[in-house]
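Derivation of every value follows stated rules applied to the coordinates shown; laboratory data play no part. Everything numeric here is computed off the predicted structure, so don't read it as measured data. A quick note on method: Cβ atoms are made from the backbone with ideal geometry, for glycine too, and the neighbour counts reach across all protein chains shown.
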Amino acid sequence: MSEKRFELNKNLAQMLKGGVIMDVTTPEQAKIAEAAGACAVMALERIPADIRAAGGVSRMSDPKMIKGIQEAVSIPVMAKCRIGHFAEAQILQAIEIDYIDESEVLSPADDKYHIDKTQFDVPFVCGAKDIGEALRRINEGASMIRTKGEPGTGDIVQAVRHMRMMYSEIRRIGSMAQDELFDTAKQLQVPYELVKYVHEYKKLPVVNFAAGGVATPADAALMMQLGAEGVFVGSGIFKSGNPEKRAAAIVKAVTNFTDAKILAELSEDLGEAMVGINEQEIELLMAERGK
Amino acid sequence: MRIAVLALQGAFIEHEQMLSKLGVPSVEIRQKRDLNQSFDGLIIPGGESTVQGKLMRELELYDPLKKMIQAGLPVFGTCAGLLLLAKKIQNDDRIHFSTMDIVAVRNAYGRQLGSFYTEEFFKGIGKIPMTFIRAPYIEDVFGEAQPLATVNNHIVAARHNKQLATAFHPELNNDLSVHQYFLDMIKS
């Protein structure tokens, strides 16, 4: 990836800001998501809640299914590949996907190395629990970051933990003396230049979204107020009673995330939310995949 | 002078930063009551035109903003903003403000792999950086609209009285000249 291409890929993430990216499994769901105001869709065969329920190895989706979704909508289409599975990423690039999510939701293909994303022209988004993971992924070529949260649970606690951790570390680095930055770079196992950027600008060098466990307009507003620049919603929409209405409400909640009066109206009569699972009740913590 | 920035979705903060570098304060328009503030021009940022178009209607911003633009409020649309101003979009039935005499083509350069950077001439300014992200272009101008810039034989910037539209994103580069052009347009 040339430096200019990396800029263009970061730029696309900038255009997604203030928006909601929705998981969809069929062209019909993709159309519902687009009509509800999604700024992009994530095409995958099974949403995280079903992946969790089914167990077993979870892989990249069938390219034919992804192409069907690309044809169904005019907004950007993203798709997931397994952590470290650069061949899956090559396939997604070949079908001109707009963004690849190297995702812990799928079974990792490599327990040591992430994909060298600098070798690709298409952009990558990666999950991160803290600033170290985020900067390591950016150094590998990711042009967008999201919290890992805990996918497929409808439980927001992990996304909150990851976002708070991210900003607490950004504030800490922001207030450091110049000479402390070198040691921080060493501790985080990332280049000094990335730490220096965070120190100077008090933010990540790329756009940062919330993901994992968002189920209600209030969840989305919470993440935005905690500093997210936009929101991914996975199982929360199509595992709920009224996907159209819930999707549209979450989109509006992200635009007016500080206006409690609007949020109250949006939260009314949404039907049943997805059935959540508490983090103590789950055996598989996807967020622990890929550090 | 004060400029309103439509802040429903997309890269609106980048526009606010450009204005701030030019010493001009901005206000964000997220809902109807935000229109009660006074402002001298409006910027419609890049993002997804489908999302902004939908939110604008549902948050009851569409009618009042359209009336203001028709009454002569200077407006500057980038990328999705260009699509919201166009009277016709070749490959999309959804039209929005429909106040500018241009025919646009949505996602005209294809998917993200078609996004590109170039430097070209802009009428009245000179050569400037241009970043195109899943961008539209202008297939045709008619009536009172005039082309301002062309890249590979496609019009990428146009003006129609006090309406300015670019297919590229001046807010993503450090060059302030297109924003300055818009401010001068307001003053003239």
Quickly work out the residue A:4-to-residue A:175 label distance, labels modelled 7 Å from Cα along the C-beta direction, and quote it in nm with one decimal.
4.3
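Using a cut-off of 12 Å between beta-carbons, work out the net charge of the residues near residue B:127 (Lys and Arg +1, Asp and Glu -1, residue B:127 not included). Can you show the working numbers first?
On the way: positive: B:123; negative: B:119, B:120, B:175.
Around residue B:127, the charge tally is -2.
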Where does each of A:135, A:284, B:176 land when they are ranked from fewest to most other beta-carbon atoms within 10 angstrom?
A:284, B:176, A:135
Could you sort out which of A:10/B:187; A:10/A:203; A:80/A:202; B:54/B:127 sit more than 26 Å apart by Cα distance in this structure?
A:10/B:187; A:80/A:202; B:54/B:127
How long is the gain from residue A:202 to residue A:53 if the chain were fully straight, where each residue apart is worth 0.36 nm and the alpha carbon distance is subtracted?
49.7 nm
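Kindly work out what percent of the DSSP beta bridges joining two residues of the protein assembly as shown are antiparallel, to the nearest 5. Don't skip to the end; give the middle numbers.
Details: 23 of 66 bridges.
If we restrict to bridges inside the protein assembly as shown, about 35 percent are antiparallel.
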Ranking A:95, A:173, A:47 by Cβ neighbours within 10 Å, fewest first, what do you get?
A:95, A:173, A:47
Once you place label points 7 Å from the Cα toward the Cβ at residue B:125 and residue A:267, how far apart are they in nm?
4.4
How big is the Rg/Rh ratio for segment B:1-131, C-alpha atoms only, Rh by Kirkwood, two decimals?
0.96
Simple label model, 7 Å out from Cα along Cβ direction - residue B:150 to residue A:260, nm:
5.8
When you look at the Cβ of every residue in B:105-112, what mean number of other chain Cβ atoms sits within 10 Å?
4
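Work out, step by step, the length gained on full extension between residue A:110 and residue A:193: first 0.36 nm times the residue separation, then minus their alpha carbon distance; give nm to one decimal.
Values: separation 83, 0.36 × 83 = 29.88 nm, distance 2.72 nm.
Extending this stretch completely gives an extra 27.2 nm.
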Residue-averaged beta-carbon neighbours from other chains (10 angstrom radius) around A:91-98
2
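Find the all-direction average of the projected area of the Cα convex hull for chain A, expressing the result in square nanometres with one decimal place. Don't skip to the end; give the middle numbers.
Values: hull surface 56.8 nm².
Taking the Cα atoms of chain A, their convex hull projects to 14.2 nm² on average.
Compute the signed sum of charges (Lys and Arg +1, Asp and Glu -1) over the other residues within less than 14 Å, Cβ to Cβ, of residue B:136. If you can, show how the numbers build up before the last one.
Working: positive: B:87, B:88, B:94, B:106, B:111, B:134; negative: B:48, B:92, B:139, B:140.
Value of the local net charge: +2.
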For B:42-51, mean number of other protein chain Cβ atoms within 10 Å:
5
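Within 10 Å of each residue's Cβ, count the other Cβ atoms and sort A:86, A:232 from fewest upward.
Numbers: A:86 20, A:232 27.
Fewest-to-most Cβ neighbours within 10 Å comes out as A:86, A:232.
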